Amino acid sequence: MLDVQDCFLVVVDMQGRLAELMYERDLLFKNIRILIKAAKLLSIPILWTQQKPQAIGITIPQISELLTENEPASRRGRGPINKACFSCCGLDEFNDKISALARKQVMLCGIEAHVCIYQTAIELIASGKEVHVIADAVSSRTKENKQIALDRMITEGVKLSSVEMAVFEILKTAEHPQFKEVIQLVK
């Protein structure tokens, strides 16, 4: 199960024109926003990536505004990790940031499930991480590609979760100090 002291969130490539083409995009955007807000309330570290932003565009405002607002001075200016490789793990900067976190559980959300999410998940597992793909917070341009990716990730050791399932796993109890704030996000 996810543990607040041992997990972190990775938001993958929620960018420009590509994000707008995703299967069930409105639900995708909503669910990723919930995950980010919950992570912030629970002080869970968040990393975010952009795939070739000069070609695809930058992170959509609905997502980037949550990732940059009220950043503490120690985080200000970090911004997204820009990449050209499909797997986030193909970039030393990403791997260095993960190592610095010293946490073993990774929650993945973003796009596209059958490319960057899939390849990142598989490489994170190979590096010894416990990978939780948040199924209702990932997508592809087609429903079929999303489903194929989820099916294949399961067979390769990924743990599937949903936004609510992940959030309640992390909270563990209705007596958690942030329970009332977090529950408002999923209502």
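Consider region 8-40 and keep the residues that are farther than 21 Å from residue 81 by Cα and acidic (Asp, Glu). The one that is surrounded by the fewest Cβ atoms within 10 Å (Cβ to Cβ) is 26.
Within the bounds of region 143-157, is there any residue that is at pLDDT 95 or above, out of contact with any strand residue (DSSP E or B) (no Cβ under 7 Å at 6 or more places or on another chain), small (Gly, Ala, Ser) and surrounded by 16 or more Cβ atoms within 10 Å (Cβ to Cβ)? Yes, some residue in region 143-157 is at pLDDT 95 or above, out of contact with any strand residue (DSSP E or B) (no Cβ under 7 Å at 6 or more places or on another chain), small (Gly, Ala, Ser) and surrounded by 16 or more Cβ atoms within 10 Å (Cβ to Cβ).
On the given criteria, is residue 170 closer than 25 Å to residue 23 by Cβ and surrounded by 15 or more Cβ atoms within 10 Å (Cβ to Cβ)? Against the criterion (closer than 25 Å to residue 23 by Cβ and surrounded by 15 or more Cβ atoms within 10 Å (Cβ to Cβ)), residue 170 does not qualify. Remark: pairs (first residue in region 157-181, more than 19 Å from residue 113 (Cβ to Cβ); second residue among the aromatic types (Phe, Trp, Tyr); Cβ separation under 8 Å; 6+ apart in sequence or on different chains) = 171/179; 173/179.
Right, residue 43: surrounded by 19 or more Cβ atoms within 10 Å (Cβ to Cβ), over 18 Å from residue 160 (Cα atoms) and not acidic (Asp, Glu) or not? Spell out the reasoning first.
Details: surrounded by 19 or more Cβ atoms within 10 Å (Cβ to Cβ): no; over 18 Å from residue 160 (Cα atoms): yes; not acidic (Asp, Glu): yes.
Spelling it out, it is not the case that residue 43 is surrounded by 19 or more Cβ atoms within 10 Å (Cβ to Cβ), over 18 Å from residue 160 (Cα atoms) and not acidic (Asp, Glu).
Kindly indicate whether any position in region 14-32 is in a strand (DSSP E or B), in contact with a helix residue (DSSP H, G or I) (Cβ under 7 Å, 6 or more places away or on another chain) and within 19 Å of residue 116 (Cβ to Cβ). Scanning region 14-32 turns up at least one residue that is in a strand (DSSP E or B), in contact with a helix residue (DSSP H, G or I) (Cβ under 7 Å, 6 or more places away or on another chain) and within 19 Å of residue 116 (Cβ to Cβ).
The values are calculated or read from the model by the stated rules, or taken from the named source; none is laboratory data. Given the structure is predicted, the values throughout are model-derived calculations rather than measurements. Here the Cβ is made from the backbone with ideal geometry for all residues, glycine too, and neighbour counts use every protein chain on show.
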